[in-house]
Amino acid sequence: MKLIQNYINGKFLNSLNDEFIENFNPATGELIASIPRSSNKDIQLAVNACRSNDNWHKISITKRAEWLEKIANELENRYEEIALMESKDTGKPISLARNVDASRSVYNFRFFANLVNEIHQPEFKMNDAINRVLNKPLGIAGLITPWNLPLYLLSWKVAPALLMGNCVIAKPSELTPLTANLLAEVIDKIGLPKGVFNLIHGYGSECGQALVEHQEIKLISFTGGTETGKIVAKTAAPMFKKISLELGGKNATIILKDAEFEKHIDQIVKSAFLNQGQVCLCGSRILVQDSIYEKFVEIFRLRVSQMKIGNPLDEDTELGSLISLRHKETVMNYIAMAIEEGGNVIYGGKEPILPETFSNGAFIEPTIITDLSHKSKAATEEIFGPVVTIHPFSEIHEAIKIANITNYGLSASIWTKDVQSGENIAKELDTGIVWINCWLHRDLRTPFGGMKDSGIGREGGLYSVEFFSEMQNICTFLG
Ligand code: NDP
């Protein structure tokens, strides 16, 4: 079992109250680590550490980009270790942990290191004056991340926050502390100046809340559930903090009658079940034009029935365990609710039969539900598990209406041979991202974020540069 500590001012420390939280592998139930149960006192220590560093914001952005590159290189050296840790901490398949989590975590640091070449200070000339726009750091950035893509999402925030000259206090989910700790080890090893990066472990309602409440932390970047996002927004608003909220989703996958869905079936299945459906962008509602409905359901069901579920460390496993037994219960309750609401479980819906080692694991079969009203709770609330509902529609305007019916507005995908029609539909959808004939195809320069209850703000490329800095216009009179 690994004993994990906070990382504050260049030192690994227990929490000041010396309390701990146990951390389990959700696939086996094995105790794998203990982490500090931090409080507002540890947050204050981290704030003091940030305050004591008076140099980070003064060094050039190019030098800061070089530090990001060093972090990327060192993470890359520990690539396999990241994948293994992420798989054990979350229960996700090792192939996914390798190809998505480990790869993207390295790439996020490298991407923001290279972005330095794209950051130019705009100038606006007047007849008698010149305006120069600066991007100044805000001071301390508070970064709060969930458990589904632990290091991937943490690195997405840490890299631009540091690039723009902020000091960082990060708070990962207490369910998945391992790779955040690995990042602290990497940062310690490369000798990043003390106090620039600080990591606090513990419960969201305790140290997470204290982070958001702290007056001196001027920016909060939060990724997590919509209900927690409301608490964060309410706490931060009276202090006029800059906030970015990346929240939940109930994303529609729209299949038009001309779609080459047999060709794309692997992608469509992946969009529903990647990471056991625990990706905020997963297409958990599939809307299918009625003339191809029966055929689509048959082919989709067949492909899902072939998915290999089980030992996350097996190379060919496609579905691992959910994050916890508690979350498994929530998802099972949603399946029961869908049945009560008139849904028909045409595949899955149960715990799979697995070898003894995994008998205490949080596994659920990939589950397909049909015959459910698109207005039902199971079809409009975020389940965040391996559960997909399929609904027929006849006209395109109906598909748009159904897609927009939920309170969420994160993403959607449209599958059609007629790309123009796909783009026209996309413009009618109230979501931050729409993919046409693809899913999770990400260019990190583009704005990422949701509409409606899926969040506030956009991050990515120069949008992150803008978010993690404060713009100042200096107007110099030349007359
Ligand atoms: P939660 O909202 O439960 O937690 C997210 C983070 O917030 C955790 O670190 C949590 O700590 C912390 N937290 C909890 N309460 C507070 C508080 N009062 N103040 C500050 N921080 C707090 O989300 P989950 O971890 O369950 O993640 C799943 C959710 O995240 C899903 O809804 C999913 O859609 C969403 N998500 C959104 C993404 C996006 O980009 N839009 C991407 C990925 C996920 P602790 O865990 O210790 O309680």
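Some values worked out for this structure:
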read-out	value
Members of the range 236-249 found to be over 13 Å from G142 (Cα atoms) and near the ligand (Cβ under 10 Å from one of its atoms), listed by number	E246, L247, G248, G249
Selection count, the range 104-133, where residues are in a loop (DSSP other than H, G, I, E, B), out of contact with any strand residue (DSSP E or B) (no Cβ under 6 Å at 6 or more places or on another chain) and open to solvent by less than 100 Å² (accessible area, probe 1.4 Å)	2
Filtered residues of the range 298-321 (kept if in a loop (DSSP other than H, G, I, E, B) and β-branched (V, I, T))	T317
Qualifying residue in the range 406-418 (condition: open to solvent by less than 10 Å² (accessible area, probe 1.4 Å), more than 16 Å from the ligand (Cβ to nearest atom) and not aromatic (F, W, Y))	yes
Residue list for the range 445-460, restricted to those being closer than 13 Å to T223 by Cα, more than 9 Å from the ligand (Cβ to nearest atom) and within 15 Å of the chain's Cα centre (by Cα)	I456, G457, R458
Single match in R98, R64 (criterion: farther than 30 Å from S469 by Cβ and either assigned to a helix (DSSP H, G or I) or of a type in the set (S, T, N, Q) (or both))	R98
Only listed residue being open to solvent by 20 Å² or more (accessible area, probe 1.4 Å), part of a helix (DSSP H, G or I) and within 14 Å of the ligand (Cβ to nearest atom), chosen from K295, K230, K270	K230
Qualifying residue in the range 39-57 (condition: of a type outside the set (V, I, T), part of a strand (DSSP E or B) and under 27 Å from the mean Cα position of the chain (by Cα))	no
Residues located in the range 149-172, provided they are crowded, with 24+ Cβ neighbours inside 10 Å and either closer than 14 Å to K92 by Cβ or assigned by TED's automatic domain parsing to the domain that holds S321 (or both)	L149, P150, L151, L153
Among the candidates I390, I383, residue that is touching a strand residue (DSSP E or B) at 6+ places or on another chain (Cβ under 7 Å), assigned to a strand (DSSP E or B) and not aromatic (F, W, Y)	I390
Residue selected from the range 457-477 under the condition part of a strand (DSSP E or B) and out of contact with any Ser or Thr (no Cβ under 7 Å at 6 or more places or on another chain), by the criterion most open to solvent (accessible area, probe 1.4 Å)	F477
Considering residues of the range 419-444 that are loosely packed, with under 15 Cβ neighbours inside 10 Å and among the polar types (S, T, N, Q) only, the residue nearest to the ligand (Cβ to nearest atom)	N424
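The values are calculated or read from the model by the stated rules, or taken from the named source; none is laboratory data. Quantities reported herein were computed from a predicted structural model and do not represent experimental measurements. Reconstructed Cβ throughout: ideal geometry from the backbone, glycine too, with neighbour counts over all protein chains shown. Each accessible area value is taken on the protein alone, full model and side chains, heavy atoms only, with ligands, DNA and RNA left out. Shrake-Rupley method; radii C 1.70, N 1.55, O 1.52, S 1.80 Å.
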